[in-house]
């Protein structure tokens with residue numbers, strides 16, 4: 001079957017939005033191949049334009065093979081076999097860290113109107129994480145905190161230590177949260193100015209602190225407000241209990257008996 005005939009067929013591929021292997025529709029195919037060292041080394045590359053049939057996410061996938069990347073083995077008939085190893089990559093890159101549910105559409109779900117700068121900073125940060133650029137991610141985490149504090153009304157010209165004090169004074173964070181954010185800021189500063197190279201687990205922990213900070217200060221209040229509004233609507237829609245009727249007292253007649 002030629003490549004043109006494969007357009008519209010389905011191919012199993014990893015969807016970065018669903019975070020799993022999905023059936024994807026092939027929208028386009030492009031192939032490249034060549035040889036080097038006088039024909040001793042051959043290579044080929046196939047590019048696919050794919051659309052996930054689970055979530056309609058569009059992405060590109062490359063499948064590369066070469067004449068030196070293969071495992072040799074013998075089958076049940078003791079015949080020599082060779083399977084060429086496929087190097088598969090996707091663009092945008094496969095997510096190394098799942099985006100929070102409040103950042104699924106590349107913007108922050110929250111009650112603050114002006115979150116454009118913070119959403120942009122987070123988008124770049126997650127792309128650095130996907131590319132496993134750990135030093136840049138550590139610096140980017142500190143930058144995202146800086147932008148987030150400004151979004152919350154903290155003066156941007158203040159040093160980081162003073163920003164943390166102002167966040168506590170304004171009731172945005174608790175003292176216990178301030179201590180964790182101090183570690184986050186210090187880690188980013190160490191990467192930016194002292195050549196510190198964190199490992200993947202350390203960057204993940206920094207991200208946990210940052211995401212918790214953004215969720216508590218921006219997302220949770222918005223969700224609570226929406227919940228309170230729905231409760232108020234429910235209260236209005238529930239029929240009120242009818243007022244209790246007051247019984248009229250019976251008046252005695254001339255015989256001394258109450259009238260009917």
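Readers should treat all values here as calculations from the given coordinates under stated rules, not as data from a laboratory. Treat the numbers as computed from the prediction; the structure is a model and nothing was measured. Positions of Cβ are generated from backbone atoms using ideal geometry, with glycine treated the same way; all protein chains shown enter the neighbour counts.
A few comments on the model shown:
- Taking only Cα atoms of segment 11-156, radius of gyration then Dmax in Å: 21.3, 75
- FRET efficiency, 1/(1 + (r/R0)^6) with R0 25 Å, evaluated for residue 104 and residue 21 via beta carbons: 0.80
- For segment 3-91, the calculated P(r), taken from all Cα-Cα distances in 10 Å bins from zero up to the bin holding the longest distance, is 16, 36, 29, 18, 2 percent.
- Rounded to 10°, Cα long-axis angle of helix 160-169 versus longest principal axis of the chain: 20 degrees
- Nearest-ten-degree value, helix 134-151 long axis tilted from longest Cα axis of the chain: 30 degrees
- Protection proxy ranking of 172-185, 143-156, by the mean of other Cβ atoms within 10 Å over each peptide's residues and highest first, is 143-156, 172-185.
- The tail of the calculated P(r) for the chain, taken as Cα-Cα distances beyond 33 Å, holds 50 percent of the pairs.
- Label-to-label distance, nm, for residues given as residue 3 and residue 204 (7 Å Cα→Cβ offset): 3.8 nm
- Theoretical FRET efficiency, 1/(1+(r/R0)^6), r = Cβ-Cβ of residue 74 and residue 40, R0 35 Å, to 0.05: 0.90
- Principal-axis analysis of the Cα atoms of the chain puts helix 175-193 at an angle of about 20° to the longest axis.
- Cα gyration tensor of segment 101-226 - equivalent ellipsoid semi-axes, whole Å, descending: 22, 18, 12
- Straightening the chain between residue 235 and residue 91 buys 46.9 nm, computed as 0.36 nm per residue apart minus the Cα-Cα spacing.
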